[in-house]
Amino acid sequence: MPMKAIKWIIFVPILLTLQGCVYFNDDGIGTRKYRDCVEYYDAEGIYHCECDENLVDYDDLKPKGE
């Protein structure tokens, strides 16, 4: 069996199993379609936004010079 066919036999089942678990949202690739963010102002009036983690952030994929 050619090497290209073996790669497809391995690659396609992985894609099909991750099809419903991985989402491409605005900030990166995560396990949720929308990020759950908690936004609030503290007692000093400083704005805070705390969001759940993505698997991969798009900022991490950019080259260092940009």
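Read-outs: derived from the displayed coordinates by stated rules, not from any lab. Since the model is a prediction, treat every value here as computed from it, not as a measurement. Quick reminder, even Gly has a Cβ in these numbers, built from the backbone with ideal geometry, and neighbours come from all protein chains shown.
For each cysteine in the chain, check whether another cysteine's C-beta sits under 4.7 Å from its C-beta; list those where none does.
Cysteines of the chain left without a disulfide-compatible partner: C21, C49.
For the range 13-45, run through the chymotrypsin sites (Phe, Trp or Tyr not before Pro) and keep only the ones in DSSP coil with at most 13 other Cβ atoms within 10 Å of their Cβ.
Numbers: sites: Y23, F24, Y34, Y40, Y41; in loops: Y34.
For chymotrypsin sites (Phe, Trp or Tyr not before Pro) across the range 13-45 that sit outside H, G, I, E and B with at most 13 neighbouring Cβ atoms in 10 Å, the list reads Y34.
With θ set to phi - 60° and the Karplus curve 6.51 cos²θ - 1.76 cosθ + 1.60, what are the ³J(HN,Hα) couplings of the range 37-46 in order, to the nearest whole Hz, using x for Gly and Pro?
Each residue of the range 37-46 in turn: 10, 10, 10, 7, 10, 7, 5, 8, x, 8 Hz.
Roughly how large, in nm² to one decimal, is the mean projection of the convex hull of the alpha-carbon atoms in the range 3-61?
Numbers: hull surface 22.2 nm².
Averaged projected area of the range 3-61's Cα convex hull equals 5.6 nm².
Quick one: among I46, I29, I14, which has the greatest mean-square fluctuation in a GNM of the chain with alpha-carbon springs under 10 angstrom?
I46
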